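Let me begin by presenting the structure, written as structure tokens, before commenting on it.
Rule-based calculations on the coordinates, nothing more; no lab input. This structure is a prediction, so every number in the text was calculated from the model and none was measured. Cβ placement follows ideal geometry from the backbone for every residue including glycine, while neighbour counts extend to all protein chains displayed.
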Amino acid sequence: MRNVLVTGGSRGIGKAIVEYLIEQNYRVVFTYKNALPEDFPAAAIAMKLDMTEVAHCESLLEQLEEQNLYPEILINNAGITADAMFHKMTAQQFSEVINTNLISIFNITQPVYIKMREKGFGRIVNISSINARKGQIGQTNYCASKAGIQGFTKALALEGAKFGVTVNSVSPGYIETDMVMKIREDIRANLIKDIPAGRFGKPKEVARVVGFLIADESDYITGVNYDINGAMHLS
Ligand code: NDP
């Protein structure tokens with residue numbers, strides 16, 4: 001049974017990934033930052049920490065090592081938005097999103113990748129976004145962070161390939177989670193008009209792709225980005 005770490009697994013897409021991977025017989029640990037909702041995935045191990053804090057990430061990995069739960073598979077999912085038109089965006093809104101969505105990936109991935117490289121096996125999946133390549137009004141910070149993830153994924157895939165470490169990204173379109181449901185209702189209705197599939201995606205539809213990418217048998221799939229967006233943006 002392989003060990004998986006899912007960042008931001010208490011809600012939304014991360015929670016669906018945790019639940020799906022438990023069904024698939026993985027041993028799953030997930031992180032969250034604020035509070036566990038009542039319906040959190042109880043069959044997994046929950047760890048409260050802030051992925052933007054290097055010390056928190058170090059302490060998490062020490063605890064996992066002690067408990068024989070050190071990740072062989074890492075799903076970098078934790079992410080936030082802080083939308084504003086660029087002419088009104090504060091430096092804090094910009095850096096908070098870049099720190100949470102991109103820099104935190106360095107904090108957790110580097111130590112985990114070093115161990116994967118030594119052991120000759122690893123799977124890393126980074127959750128990007130449709131808006132990395134499509135762009136989105138009000139999301140210069142978010143789009144920059146998610147496009148950064150795709151470049152990071154390709155570069156690390158090249159480095160990890162001969163060590164049995166695959167690195168891929170998944171770019172969801174609009175998925176029914178808190179992040180999307182907090183968008184104003186009239187804007188959401190307009191978004192659906194732009195989705196040829198005629199609906200938002202479901203978190204489990206993302207989780208199934210992650211499950212495919214992390215399988216032992218997927219060891220020749222690396223450096224790839226998977227779009228899951230109901231044909232909203234084709235690239
Ligand atoms: P949610 O807002 O529903 O959940 C975010 C999760 O990340 C929560 O578990 C949250 O913990 C955790 N988190 C946020 N910041 C931190 C932090 N600093 N440290 C630790 N945990 C943190 O997000 P979604 O499920 O909608 O999104 C998941 C990922 O998918 C994100 O990277 C997002 O950008 C991406 N995505 C989502 C899309 C969508 O349509 N929903 C579309 C494209 C991409 P807590 O609850 O404790 O705050």
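Distance from the Cα centre of region 1-30 to that of region 214-235, in angstrom?
Centre-to-centre (Cα) distance: 18 Å.
Given labels modelled 7 Å from the Cα in the Cβ direction, how far is it in nm from LYS182 to ILE103?
2.0 nm
Could you check the simple spin-label distance between LYS115 and GLU217, using points 7 Å along Cα→Cβ, in nm with one decimal?
2.8 nm
Consider just the alpha-carbon atoms of region 48-157 and return their Rg together with their Dmax, both in angstrom.
15.2, 49
Using alpha-carbon positions, what is the distance between the centroids of region 102-164 and region 59-80, in Å?
Centre-to-centre (Cα) distance: 16 Å.
Normalised by the number of residues in the chain, what is the relative contact order in percent for Cα pairs under 8 Å and 6+ residues apart?
Once normalised by length, the contact order is 20 percent.
For every other residue with a beta carbon closer than 11 angstrom to the beta carbon of PRO41, add +1 if it is Lys or Arg and -1 if Asp or Glu, then tell me the sum.
That sum, taken over residues with Cβ under 11 Å, equals -1.
Any idea how far apart ALA189 and ALA46 come out in nm if each label point goes 7 Å out from Cα toward Cβ?
So the label points at ALA189 and ALA46 sit 3.6 nm apart.
With each run of n ≥ 4 DSSP H residues scored as -39500 (n - 2.57), what mean residue ellipticity at 222 nm is computed for the chain after dividing by its residue count and rounding to the nearest 500 deg cm²/dmol?
-13000 deg cm²/dmol
Which whole-Hz ³J(HN,Hα) couplings does region 79-91 yield from phi under the Karplus relation 6.51 cos²θ - 1.76 cosθ + 1.60, θ = phi - 60°, glycine and proline marked x?
So the J values, rounded to whole Hz, are x, 9, 10, 8, 7, 6, 4, 4, 5, 10, 6, 8, 4.
Count the net charge of all other residues whose Cβ sits under 11 Å from the Cβ of VAL167, scoring Lys and Arg as +1 and Asp and Glu as -1.
Net local charge, VAL167 excluded: +1.
Give the peptides 64-73, 27-36, 141-150 in descending order of average Cβ contacts within 10 Å, highest first.
141-150, 27-36, 64-73
Check cross-link reach from LYS119 to the lysines: straight Cα distance under 22 Å, and skip same-chain residues fewer than eight apart.
Result set, ordered by chain and number: LYS154, LYS162.
Show me, for region 134-147, the HN-Hα J-couplings you get by feeding each phi into the Karplus relation (A = 6.51, B = -1.76, C = 1.60, θ = phi - 60°), rounded to Hz, glycine and proline as x.
7, x, 7, 4, x, 10, 4, 5, 5, 4, 4, 5, 6, 5
Give me the Kirkwood hydrodynamic radius of the chain in Å, from all C-alpha pairs, to one decimal place?
About 17.9 Å for the chain.
What residues have an amide H closer than 5 Å to that of ASN225, excluding those fewer than 5 places away on the same chain, when H is modeled at 1.01 Å from N in the peptide plane?
Those qualifying (amide H under 5 Å, at least 5 residues apart or on another chain) are SER169.
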